[in-house]
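What follows is calculated from the coordinates using simple rules that are stated; it is not laboratory data. Since we're looking at a predicted model, the values are computed, not measured. Counting neighbours? That spans all protein chains shown, and the Cβs are built from the backbone with ideal geometry, glycine included.
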Amino acid sequence: MSEQKSVREIRISPIVPSESVLVATARGMRPKKAEEKVQRDTRAHVDTCPFCKGNEAKTPPTIKAYPSEQEWKVRIVENLFPVLGDDRAESGLNFGLQQVIDGYGRHEVLIDHDSHGIAVHEMSVDHLALLFGAYQDRMKTLYQSDERLRYVLVFKNFGPAAGASIPHTHSQIIATPVVPENVINELEHSRQYYSKHNQCVFCALIDEALTFEATIYDKNSGEVRRKIDVGQYVIERGEKFIAIKPFASRYEWEVHILPLEHQNDFVQVSEADMADLGRVIKRTMQRLDKVIGGVQYNYFLHTRPHGDQFADCKQSYHWHLEITPRTSIPTGFELGSDLFVSTISPEDAAQQLRDVILD
Ligand SMILES: [Zn+2]
Ligand SMILES: [Zn+2]
Ligand SMILES: [Zn+2]
């Protein structure tokens, strides 16, 4: 492991400037309260688990199963406790500043695998391709099913602090009539960047991650403050996809996976490319498991919403998967200022993840 210089600086996200992070690796910032690691239930089958094979009758009916209902490897059911409902109650109660949007939408649960306690990094590349293909298939179907749906959010929670209530490996899809605020911020800032530079900011970041080389000197002493090497932020590179550590990561071990070639919408990924996506995801999750194994995490897809509002963002927006491991509990400083603190530098974290030897 390389000797790291201590860093203390506020980094502004190149995509959404309001999402900044204070990188403070000096000892004084430690310790933050560590998030609890989860004792993982690694059993393949649990008789009482409603998501295990043979217990299909214990869940709401199957919406779709892959590759088939009898031989399912991924199975989708309605959420028993949906946060959004299918009913079309007209509740347009808007009063002054208090705007209400109907809680209309869809909420589905994907049982990721027939093996109860399998972790994402243990799933085969083929299975991950099938799982992400299932996400894509549902996304297409949901957008087609109702023109009021503006955004289909695919996400996974692992561990109780990350929101997972059932131990059997699963993810969720929520389709809403509104676009989430953080996606809107990304869309609008990347649109501005595009109109100024005539280039997608995500593509620019990928190019930079792959080719940029620079030395940053201290203004006063002339000492080298930071050397940015080729590939410093690259965690994993496939044929079609890349995993990078964002320069201004809000979560210490956050990693983003993006298509190398510009693509605005996750539904555009071809079936042939899903295998490479599965491979990059598996290898990235293996690296994270080796370095911070057992921590709770979320991942979610950010992709261009459907509908007219962001139809002009095809050139400027670039879909991506954000993986956000939770290693520490946010402090009052973070919640109060919305300035996240990272006690490990993103360069150091990237180095540690790259150094993992995979078989
Ligand atoms: Zn189970
Ligand atoms: Zn792009
Ligand atoms: Zn995003």
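In terms of modelled amide H atoms, which long-range or inter-chain residues lie less than 5 Å from the amide H of residue 153? Under 5 Å from the amide H of residue 153: 174, 175, 176.
Within a straight-line Cα-Cα reach of under 23 Å, residue 58 can be paired with the following lysines, leaving aside sequence neighbours fewer than 8 residues apart in one chain: 73, 156. Could you tell me how many degrees, from 0 to 90 and to the nearest 10, lie between the Cα long axis of helix 346-355 and the main elongation axis, the longest principal axis, of the Cα atoms of the chain? Taking Cα atoms only, the helix is inclined about 70 degrees.
Summary value for the chain: 22 percent relative contact order, contacts being C-alpha pairs under 8 angstrom separated by 6+ residues. For the chain, the Cys residues with no second cysteine's beta carbon closer than 4.7 Å are 313. Build a GNM of the chain with springs between Cα atoms under 10 Å apart, and of 225, 283, 191 the one that fluctuates most is 225.
Please tell me the relative contact order of region 232-359 in percent, rounded to the nearest whole number, where contacts are Cα pairs under 8 Å and at least six residues apart. Worked out over region 232-359, it gives 37 percent. What residue among 117, 54, 238 has the largest mean-square fluctuation in a Gaussian network model of the chain, using Cα springs under 10 Å? Comparing 117, 54, 238 in the GNM, the peak value goes to 54.
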